[in-house]
Amino acid sequence: MSDAVGRFRFMDQARVNLDGFAVENVELGLTAFSSPHDPIPSITIEQGRVTELDGVAEADFDAMDEFIARHGIDVTVAEEAMALSDVAFARLLVDPFTPRSEVVRLSAGTTPAKLARVLSLLQPSELMMAMTKMRSRATPSNQAHVTNRQDDPLLLAADAATAAAFGFREIETTVPVLDDAPSNAVACLIGAAVGSPGVMLQCSVEEALELELGMRGITSYAETISLYGTEQVFIDGDDTPWSKALLTSAYASRGMKMRVSSGSGSEALMAGSEGKSMFYLEARCVSLARALGSQGVQNGGIDAASVAGSVPKGVRALMAENVMVLMRNLESCSGNDALMSESDMRRTARTIPIVLAGSDFPFSGFGMIQRYDNMFGPSNFNAEDVDDLLAIQRDWGVDAALSTQDPTKIEQLRRQAAQACAAVYRHLGLCDFDDSHIERAVDAAGSKDLGTTDTMAVLNAATTIMGSGISVIDVVTALEETGFHEEAERVLAMARARLDGDYLQTAAVFTESMEVLSLITDPNEYAGPGTGYLPDEHRQHQIDAIRQAVTVDDLRREQAKSASDLLHALGPAEPSSDPRDVVIGVSPAVGREVFTTLSGATVVEVVAELLAGLEEEGCIGRIVRFSDTVDLGRIGLSAAKLSGSGIGIGLQGKGTALIHRRDLSPLANLELYSVAPAVTLDLYRLLGINAGRHAKGARPDPARNPYNDEAIEARYHTKVIALQALERSHVVTNAIPEELSQEGIR
């Protein structure tokens with residue numbers, strides 16, 4: 001676009017233009033909703049048997065039709081549900097007087113085409129309302145990714161402990177090297193136990209290996225059993241609905257929580273969409289998930305999220321997928337685990353409606369590592385975004401299950417996790433890590449900070465784990481015998497929970513006290529305003545108390561670090577008749593509790609430049625503190641009335657400054673520096689020079705406020721409020737102006 005005008009050359013540089021956008025193409029499956037090839041919803045039931053499904057007769061059923069017809073439709077409610085108009089059904093989702101249970105009852109009798117038609121009617125705000133109502137579990141929870149490029153066990157353990165401490169109740173790991181998987185699983189198991197009791201773990205790899213790790217008790221859940229919306233794509237993966245059902249049962253029979261994975265765009269990506277819309281194909285997957293007996297679905301695009309995001313309404317379809325899962329009474333692990341855009345605005349817009357509405361798991365993998373270390377590929381939110389999500393929780397008063405953590409506590413947990421992992425590996429004869437490696441893992445923000453990991457040592461450890469049959473009991477024993485008693489008990493508690501099977505319920509998570517919260521024990525009972533989950537007082541305090549929040553006392557301590565006695569009071573300030581006299585009026589807390597401006601320059605440095613500027617013009621500056629007001633206009637005017645020249649400079653402790661003249665009204669002024677955080681010492685000197693020129697009747701060179709494109713208000717306004725509170729605490733009505741010392745300032 002080199003021939004485009006400047007405005008478009010500028011726009012072309014925006015990161016959103018790194019994304020791929022597609023023109024809708026039905027034949028390629030590049031359409032979000034309502035392809036002309038999507039079937040019309042229909043069902044025929046004869047003697048309790050589905051004999052026709054969405055326009056396909058029983059004799060022509062493909063494998064998916066057959067499985068859904070036999071196991072995924074409640075025939076006792078199907079005719080009632082299918083008889084509802086699409087609009088009438090859609091309105092039930094947002095009607096506060098229709099309970100969740102009624103929507104679930106009717107949804108059990110709907111066909112995939114009916115589900116797709118109903119949900120395609122919902123506007124974005126209605127999808128949020130529907131998700132809030134249909135979420136399975138009342139109490140929020142979340143899932144994190146913990147991986148790294150080197151498969152370094154100590155860093156994995158430290159990062160897993162960090163994720164658990166921040167509030168993630170599920171941790172998912174994977175590998176860049178398949179054979180490293182057993183080592184990664186053990187390392188994350190140990191780290192998660194250090195961070196918190198009751199954190200579930202999965203290692204996302206090839207299904208046979210994943211199942212074996214689960215059977216050994218090292219992992220506790222799985223979600224990588226993939227479903228597809230067309231028979232050809234299923235066959236290409238050497239799978240059928242029956243093989244997926246077998247795997248689902250295999251996991252559950254060994255006490256592993258299990259959900260399936262699907263998502264819009266996967267069939268188009270594999271050239272197997274059959275011209276159907278992405279959303280209809282996902283409706284088939286969700287219906288199949290219900291038929292398989294899965295606890296839930298990880299969907300919302302997943303790896304193909306960018307495919308859905310490339311077409312009109314595609315991102316809306318991703319959220320609608322999640323709502324569809326909830327309608328079928330399954331837990332929704334709501335995607336957001338794949339970076340669907342290089343645009344910060346687009347990826348945030350894709351994620352935040354789900355966070356605000358409240359899914360069972362807003363992320364099927366928030367990357368609690370840096371983007372480059374996420375071996376699933378970057379998540380929509382990663383370690384770079386932790387503080388953002390914590391702030392968003394606070395902004396909206398919603399609970400995404402995260403809590404701000406003290407840096408000292410996290411350092412301690414990371415060290416404990418790395419030490420525990422090193423001790424277990426040494427005890428089991430897997431690998432011997434030295435103390436310097438432990439300390440690097442503790443401090444590392446990512447694997448690039450580690451130096452070089454001995455990748456063969458990691459591979460040998462993983463091989464030994466598999467070859468010697470190491471199980472969760474061996475890890476517990478190693479923790480106990482190396483002095484990590486609490487961590488051993490936490491890992492053992494998770495193994496005991498496998499015997500109970502209480503967490504094999506929809507949307508199950510463990511609390512820190514090992515209580516199971518699920519659809520059964522903690523059902524979402526939202527029924528309109530004033531109902532549903534609300535954080536209790538303790539949890540609300542956790543949400544609100546982000547580490548960046550500043551109190552007046554915090555600011556007072558910060559200001560005290562630059563305290564100086566140079567601006568001390570000499571006595572009452574008197575009027576002057578000297579035409580060279582210019583008064584610099586300062587606000588009430590200057591020299592008392594305010595010593596540093598918003599720009600970082602001290603008040604003494606600022607005053608020194610103002611005095612130097614006045615001196616350049618042959619004027620004499622005086623410093624006077626006005627304690628009867630915090631208003632800059634009144635301070636400047638009072639200074640001008642006290643000066644011999646009739647010119648005064650007003651300076652607030654935060655750095656805002658102006659030049660005033662005695663015959664002007666308080667709100668008028670000759671020059672104003674309003675953007676205090678960006679005012680440099682050179683500009684303060686220029687303000688002094690210009691004040692001197694005004695005093696002499698000469699023509700000044702007006703200074704320009706140093707505007708830039710930074711969010712000055714967002715960065716400094718809360719600090720301004722605290723500074724002004726300090727200033728106001730020193731206001732004394734009708735106080736006499738005080739002359740301040742200049743000694744030592746210049």
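For the stretch 379-477, the Stokes-Einstein estimate of translational diffusion at 25 °C and a viscosity of 0.890 mPa s comes to 152 µm²/s, using the Kirkwood hydrodynamic radius over alpha-carbon pairs. When both the stretch 201-255 and the stretch 318-387 are represented by their alpha-carbon centers, they are found 22 Å apart.
Placing pseudo-labels 7 Å out from each Cα toward the beta carbon at PHE8 and HIS538 gives an inter-label distance of 6.0 nm. On full extension, the segment bounded by THR408 and ASP454 gains 13.7 nm, given 0.36 nm per residue less the C-alpha separation. All alpha carbon pair distances within the stretch 31-119 were sorted into 5 Å bins beginning at 0; the resulting P(r) in whole percents reads 3, 14, 25, 24, 18, 11, 5, 1, 0. Each Lys or Arg adds one and each Asp or Glu subtracts one; over the other residues with Cβ under 15 Å from the Cβ of GLY644, this totals 0.
Across the stretch 461-570, the convex hull enclosing all Cα atoms gives 262 Å³ per residue. Of the peptides 719-726, 284-291, the order by per-residue mean of other Cβ atoms within 10 Å, starting with the highest, comes out as 284-291, 719-726. Given their separation in residues at 0.36 nm each and the Cα-Cα distance between them, ASP387 and LEU681 gain 102.6 nm when the chain is fully extended. Taking one quarter of the surface of the convex hull spanned by the alpha-carbon atoms of the stretch 175-320 gives a direction-averaged projected area of 9.4 nm².
Highest average first, the peptides 353-360, 168-175 ordered by how many other beta carbon atoms sit within 10 Å of their residues are 168-175, 353-360. The amide H of ILE620, built 1.01 Å from its N in the peptide plane, has ASP581, VAL582 as neighbours under 5 Å, considering only residues 5 or more places off or on other chains.
Any idea what angle helix 386-396 forms with the longest principal axis of the chain, computed on alpha-carbon atoms, 0 to 90 degrees, nearest 10? Rounded to the nearest ten degrees, it is 80.
A simple count of charges around ALA187, restricted to other residues whose Cβ falls under 12 Å of its Cβ and scoring Lys, Arg +1 and Asp, Glu -1, yields -4. Compared with the dominant Cα axis of the chain, that is its longest principal axis, helix 153-166 is turned about 70°.
Using θ = phi - 60° in the Karplus curve 6.51 cos²θ - 1.76 cosθ + 1.60, the 3J(HN,Hα) couplings for the stretch 203-216 round to 10, 8, 9, 4, 4, 5, 5, 4, 5, 5, 4, x, 5, 7 Hz; x is entered for Gly and Pro. In this structure, ILE546 and ALA22 have a Cβ-Cβ separation that, at R0 = 41 Å, corresponds to a calculated FRET efficiency of about 0.60. In the chain, the DSSP beta bridges split such that about 45 percent are antiparallel, to the nearest 5.
3J(HN,Hα) couplings calculated from phi for the stretch 543-557 with the Karplus curve 6.51 cos²θ - 1.76 cosθ + 1.60 (θ = phi - 60°) are, in sequence order, 5, 6, 8, 6, 5, 7, 5, 10, 9, 4, 5, 4, 5, 4, 5 Hz; Gly and Pro show x. What's the long-distance tail for the chain, i.e. % of Cα pairs beyond 45 Å? Summing the P(r) of the chain above 45 Å gives 40 percent of all pairs.
Taking amide H as placed 1.01 Å from N in the peptide plane, the amide H of SER136 sits under 5 Å from that of SER332, ASP360, each at least 5 places away or on another chain.
Taking the Cα centre of the chain as reference, the dipole from Cβ charges on Lys and Arg (+1) and Asp and Glu (-1) amounts to some 2400 debye. Size descriptors for the stretch 323-419, from the alpha-carbon set: Rg then Dmax equal 14.7, 45 Å. Here the convex hull built on the C-alpha positions of the stretch 556-740 has a volume of 104 cubic angstrom per residue. Helix 314-327 and the longest principal axis of the Cα set of the chain meet at an angle near 60°. Legend: calculated FRET efficiency, GLU206 to SER42, from the Cβ-Cβ distance at R0 = 45 Å, rounded to 0.05, equals 0.70.
With 30 Å as the limit, the listed pairs LYS561/LYS641; LYS654/LYS696; LYS257/LYS313; LYS409/LYS719; LYS244/LYS276; LYS409/LYS561 have LYS561/LYS641; LYS257/LYS313 beyond it between alpha carbons. Fully extending the segment from ALA714 to ALA527, taken as 0.36 nm per residue of separation minus the present Cα-Cα distance, adds 63.7 nm.
Using the Karplus relation 6.51 cos²θ - 1.76 cosθ + 1.60 with θ = phi - 60°, the per-residue 3J(HN,Hα) values for the stretch 180-185 come to 7, 3, x, 5, 4, 5 Hz, with x marking Gly and Pro. Between the beta carbons of SER577 and SER665, assuming R0 = 30 Å, the FRET efficiency works out to 0.80 to the nearest 0.05.
Highest mean first, the peptides 142-151, 664-673, 368-377 sorted by other C-beta atoms within 10 Å per residue fall in the order 142-151, 368-377, 664-673.
Values in this text are rule-based calculations from the coordinates and carry no lab data. Keep in mind the model is a prediction, meaning the values are calculated, not measured. Please note: Cβ atoms are built from the backbone with ideal geometry, for glycine as well, and neighbour counts cover all protein chains shown.
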